[in-house]
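What follows is one structure encoded as structure tokens, with my remarks underneath.
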Number of protein chains: 2
Amino acid sequence: MFTLSEENYLKAIYHLESDSNKGISTNAIAKSLETKASSVTDMVKKLSEKEVVIYKKYQGVTLTELGKKTAANIVRKHRLWEVFLVEKLNFSWDEVHEVAEQLEHIKSPKLINQLDSLLGFPTHDPHGDPIPDKDGNVNTVDKILLSTLSKNEKGICVGVNDSSSEFLRFLDKKKITLGKKITVLEREDFDDSLFIEIDGEKLSISKKIANNLYIKK
Amino acid sequence: MFTLSEENYLKAIYHLESDSNKGISTNAIAKSLETKASSVTDMVKKLSEKEVVIYKKYQGVTLTELGKKTAANIVRKHRLWEVFLVEKLNFSWDEVHEVAEQLEHIKSPKLINQLDSLLGFPTHDPHGDPIPDKDGNVNTVDKILLSTLSKNEKGICVGVNDSSSEFLRFLDKKKITLGKKITVLEREDFDDSLFIEIDGEKLSISKKIANNLYIKK
DNA sequence: ATAATTTTTTAGACAAGTCTAAAAATAATG
DNA sequence: CATTATTTTTAGACTTGTCTAAAAAATTAT
């Protein structure tokens, strides 16, 4: 069994690993957990003893198979709870993260299995992120950033890169939700903004927005 | 805000207070939390600083109004989650306690309000215990122990005194569930057992069982 | 009412997880 | 390649919540 703190470290390393393919530096972990590198060193030694990470001094850490499975299970719980909050408890997608951060640490396999079933075995959370299965396998889709679309290309909105409340509420305001079709009508070279059509509405989208919206062609 | 440990102390004191009407001894708290009296003394000082208990050395502790409200809110969460587990996730009444012990510490007022609504604003948990309202008020019913019924008296089964898995599974086996009508056909003086009728079935019930089942006349 | 017993508190220690400050190793630069 | 600069680790300290052992207070019994 893992402590709350250990679980948070595992999750952080898991997410960092999916971005890079090398060992994760203590500094990177410290930044992501808003703690100090010295604390990370201590914890990483402990996780290494528990055989969920491989750690050699000054070399960064990588998750072992056990570590990956453990971390994926926490992410699975987090995302299932997010679906629950939105589908069953009328939370909006910008409100779920904080609560799911707490719920993800509840220990009860039956609880999660039954929740999964109650929700109809969802494959993605409210932000479009895939929900790992019981064995920790993730169904990765070939989604691309909206910003990579050329003029006159279309795609379905399938996820967000930034899931901060501010960004999500912005999308709500603009009626941009997952599943909608987006067409790029124009690309403005001088500021890399896009002029798009969604739901019959035409609107301008900044580079920053386009860099945080995932599309499936 | 309160730590996990503080919340567990508050809950323990809350439950102990409902049984007795004097200050709660450190020993009693220690027993109920399976810890040592010295640890209780330390924690009780902390809770006193936070103004949720009144504590004078060697005099035991009592909850302040704030303490009562805080504790009742934790109990409210515990019991709502128990209803959720039984009603929505197909848990049986002997499986819910342990998971609810974890879920009761999740901090999110919206979560609890929405859960309450999803469940149809239940008034009692699966064991018949009342669910405190948002202000911490509890609807106490005039329930009595089955063992206090005389021959030929009837009542509705409304709760359990002992909610251990063993006892609850025993009741399941005997098809004794909340809401059912029980008639005392006979009282055996030599061992204080009862011969009862429930659902048209006649069966014998030991003193111990009769002392752990609540009835409403 | 004094002695014996029990309960409660104090004092000091320990583990987990964190921090700061300093030392050691690695990486970057001229 | 020698010297900065950066990153990482170590050492020691602090907090929370716990424990044991001993002292102090309260209770019970003789």
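The values are calculated or read from the model by the stated rules, or taken from the named source; none is laboratory data. All values reported here derive from a predicted model rather than from experimental measurement. With ideal geometry, Cβ positions are generated from the backbone for all residues, glycine too; neighbour counts draw on all protein chains shown. These area figures cover heavy atoms from the full protein model, side chains too; ligands, DNA and RNA do not enter into them. Shrake-Rupley method; radii C 1.70, N 1.55, O 1.52, S 1.80 Å.
If a residue must be open to solvent by less than 40 Å² (accessible area, probe 1.4 Å) and more than 16 Å from the chain's Cα centre (by Cα), how many such residues does segment A:64-84 contain?
Here the count works out to 4.
List the pairs whose first member sits in segment A:177-204 and is more than 16 Å from A:Glu153 (Cβ to Cβ), whose second member is aliphatic (A, V, I, L, M) and loosely packed, with under 15 Cβ neighbours inside 10 Å, and whose Cβ atoms are under 8 Å apart, counting only residues at least 6 apart or on separate chains?
Cβ pairs passing all conditions: A:Gly179/A:Ile156.
What is the residue count in segment A:7-20 for residues that are open to solvent by less than 70 Å² (accessible area, probe 1.4 Å) and away from DNA strand D (no atom under 16 Å from the Cβ)?
We begin by selecting, within segment A:7-20, every residue open to solvent by less than 70 Å² (accessible area, probe 1.4 Å); these are A:7-14, A:16-17, A:20.
Now narrow it down to the ones that are away from DNA strand D (no atom under 16 Å from the Cβ): A:7-8, A:10-11, A:14.
Here the count works out to 5.
All but one of (1) more than 10 Å from DNA strand D (Cβ to nearest atom); (2) open to solvent by 40 Å² or more (accessible area, probe 1.4 Å) hold for B:Ser25, so report the exception by its number.
All conditions are met except number (1).
Take segment A:91-112 and flag every residue that is of a type outside the set (A, V, I, L, M, F, W, C) and open to solvent by less than 10 Å² (accessible area, probe 1.4 Å). Let's see the steps before the verdict.
As a first pass, look at segment A:91-112 and keep what is of a type outside the set (A, V, I, L, M, F, W, C): A:92, A:94-95, A:97-98, A:101-102, A:104-105, A:107-110.
Once the filter is applied, which keeps residues that are of a type outside the set (A, V, I, L, M, F, W, C) and open to solvent by less than 10 Å² (accessible area, probe 1.4 Å), segment A:91-112 yields only A:Glu104.
For segment B:198-210, enumerate the residues that are open to solvent by less than 50 Å² (accessible area, probe 1.4 Å) and under 22 Å from the mean Cα position of the chain (by Cα). Talk me through it step by step, then tell me what you get.
Pass one, segment B:198-210, residues open to solvent by less than 50 Å² (accessible area, probe 1.4 Å): B:198, B:203, B:205, B:209-210.
Within segment B:198-210, B:Ile209, B:Ala210 meet the criteria.
Would you list the helices (runs of 4 or more DSSP H) that sit entirely within segment B:1-112 and hold 2 or more residues that are within 14 Å of chain A (Cβ to nearest Cβ)?
By residue number, B:4-19, B:65-87, B:96-103.
Being open to solvent by 20 Å² or more (accessible area, probe 1.4 Å), within 16 Å of DNA strand C (Cβ to nearest atom) and among the charged types (D, E, K, R) is true for just one of A:Lys88, A:Lys56. Which residue is that?
Details: A:Lys88 fails: within 16 Å of DNA strand C (Cβ to nearest atom).
Testing whether each residue is open to solvent by 20 Å² or more (accessible area, probe 1.4 Å), within 16 Å of DNA strand C (Cβ to nearest atom) and among the charged types (D, E, K, R) leaves just A:Lys56.
Criterion first (in contact (Cβ under 8 Å) with a residue 24 or more places away in the chain, of a type in the set (A, V, I, L, M, F, W, C), within 13 Å of DNA strand C (Cβ to nearest atom) and more than 17 Å from A:Phe2 (Cα to Cα)) does A:Ile24 satisfy it?
No.
Right, A:Phe190: open to solvent by 70 Å² or more (accessible area, probe 1.4 Å), out of contact with any strand residue (DSSP E or B) (no Cβ under 8 Å at 6 or more places or on another chain), on the phi > 0 side of the Ramachandran plot and not in a strand (DSSP E or B) or not? Working first, answer last.
Working: open to solvent by 70 Å² or more (accessible area, probe 1.4 Å): yes; out of contact with any strand residue (DSSP E or B) (no Cβ under 8 Å at 6 or more places or on another chain): yes; on the phi > 0 side of the Ramachandran plot: no; not in a strand (DSSP E or B): yes.
Spelling it out, it is not the case that A:Phe190 is open to solvent by 70 Å² or more (accessible area, probe 1.4 Å), out of contact with any strand residue (DSSP E or B) (no Cβ under 8 Å at 6 or more places or on another chain), on the phi > 0 side of the Ramachandran plot and not in a strand (DSSP E or B).
Quick test of your reading of the structure: A:Gly120 fulfils all but one of (1) small (Gly, Ala, Ser); (2) away from DNA strand C (no atom under 16 Å from the Cβ); (3) in a helix (DSSP H, G or I). Name the failing condition by number.
(3)
What is the residue count in segment A:123-162 for residues that are part of a loop (DSSP other than H, G, I, E, B) and either open to solvent by less than 40 Å² (accessible area, probe 1.4 Å) or touching a Gly at 6+ places or on another chain (Cβ under 9 Å) (or both)?
Within segment A:123-162, the subset part of a loop (DSSP other than H, G, I, E, B) is A:123, A:125-129, A:131-143, A:149-153, A:161-162.
From the residues that got through so far, the ones that are either open to solvent by less than 40 Å² (accessible area, probe 1.4 Å) or touching a Gly at 6+ places or on another chain (Cβ under 9 Å) (or both) too are A:125-129, A:131-132, A:136, A:141, A:143, A:149.
Total meeting the criteria: 11.
For the structure I just gave you, tell me whether B:Phe167 is aromatic (Phe, Trp, Tyr) and either open to solvent by 50 Å² or more (accessible area, probe 1.4 Å) or not assigned by TED's automatic domain parsing to the domain that holds B:Lys207 (or both).
Details: aromatic (Phe, Trp, Tyr): yes; either open to solvent by 50 Å² or more (accessible area, probe 1.4 Å) or not assigned by TED's automatic domain parsing to the domain that holds B:Lys207 (or both): no.
Considered against the rule, which asks whether it is aromatic (Phe, Trp, Tyr) and either open to solvent by 50 Å² or more (accessible area, probe 1.4 Å) or not assigned by TED's automatic domain parsing to the domain that holds B:Lys207 (or both), B:Phe167 comes out as no.
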